[in-house]
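**Student:** Take a look at the following structure, please.
The values are calculated or read from the model by the stated rules, or taken from the named source; none is laboratory data. Here the structure is a predicted model, which means the values were calculated and not measured. Here the Cβ positions follow ideal geometry from the backbone for every residue, glycine too, while neighbour counts run over all protein chains shown.
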Ligand SMILES: [Zn+2]
Ligand SMILES: [Zn+2]
């Protein structure tokens, strides 16, 4: 979700100003509860870090974010890196950038 979508959510009983929403989401990001994806300056999206990991496809022109609907292409690489480096709890963030169907018209 974008900050605008979060701010407009009916889950909030009280209306929150955008600065408050931004502070809350930034705190969740610091605590690694949410992950920021897409363009950080414009149309940044936030998603919950859940147990199963997802990679993303992002439109360079309109900033649309889609979940990649394929098996993660680097999961085996992650295991290999963990084994070879001795690092534990390895994770990665993969974002592909391109132009969506609508923006190509
Ligand atoms: Zn687009
Ligand atoms: Zn992945």
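**Student:** For the structure I just gave you, tell me whether residue 67 is within 19 Å of residue 93 (Cα to Cα), in contact with a helix residue (DSSP H, G or I) (Cβ under 7 Å, 6 or more places away or on another chain) and free of Cβ contacts under 8 Å to residues at least 24 places away in the same chain.
**Tutor:** In short, no.
**Student:** Then there is this: Scan the range 88-97 and give yes if some residue there is at pLDDT 90 or above, within 16 Å of ligand 1 (Cβ to nearest atom) and more than 20 Å from residue 29 (Cβ to Cβ), otherwise no.
**Tutor:** Yes, the range 88-97 has at least one match.
**Student:** Could we say that residue 58 is within 16 Å of ligand 2 (Cβ to nearest atom), surrounded by 10 or more Cβ atoms within 10 Å (Cβ to Cβ) and assigned to a strand (DSSP E or B) here? Full working, then the answer.
**Tutor:** Numbers: within 16 Å of ligand 2 (Cβ to nearest atom): yes; surrounded by 10 or more Cβ atoms within 10 Å (Cβ to Cβ): yes; assigned to a strand (DSSP E or B): yes.
For residue 58, the condition - within 16 Å of ligand 2 (Cβ to nearest atom), surrounded by 10 or more Cβ atoms within 10 Å (Cβ to Cβ) and assigned to a strand (DSSP E or B) - is met.
**Student:** With the condition kept exactly as written, say whether any residue in the range 42-52 is more than 16 Å from ligand 1 (Cβ to nearest atom), surrounded by 12 or more Cβ atoms within 10 Å (Cβ to Cβ) and outside any loop (DSSP other than H, G, I, E, B).
**Tutor:** Yes, there is a match, as at least one residue in the range 42-52 is more than 16 Å from ligand 1 (Cβ to nearest atom), surrounded by 12 or more Cβ atoms within 10 Å (Cβ to Cβ) and outside any loop (DSSP other than H, G, I, E, B).
**Student:** Take the residues of the range 74-105 that are assigned to a loop (DSSP other than H, G, I, E, B) and touching a residue at least 40 places away in the same chain (Cβ under 8 Å): which is nearest to the chain's Cα centre (by Cα)?
**Tutor:** Out of the qualifying residues, it is 93.
**Student:** Could you check the range 17-38 and list, in sequence order, the residues that are in a loop (DSSP other than H, G, I, E, B), under 17 Å from residue 6 (Cα atoms) and out of contact with any helix residue (DSSP H, G or I) (no Cβ under 9 Å at 6 or more places or on another chain)?
**Tutor:** 38
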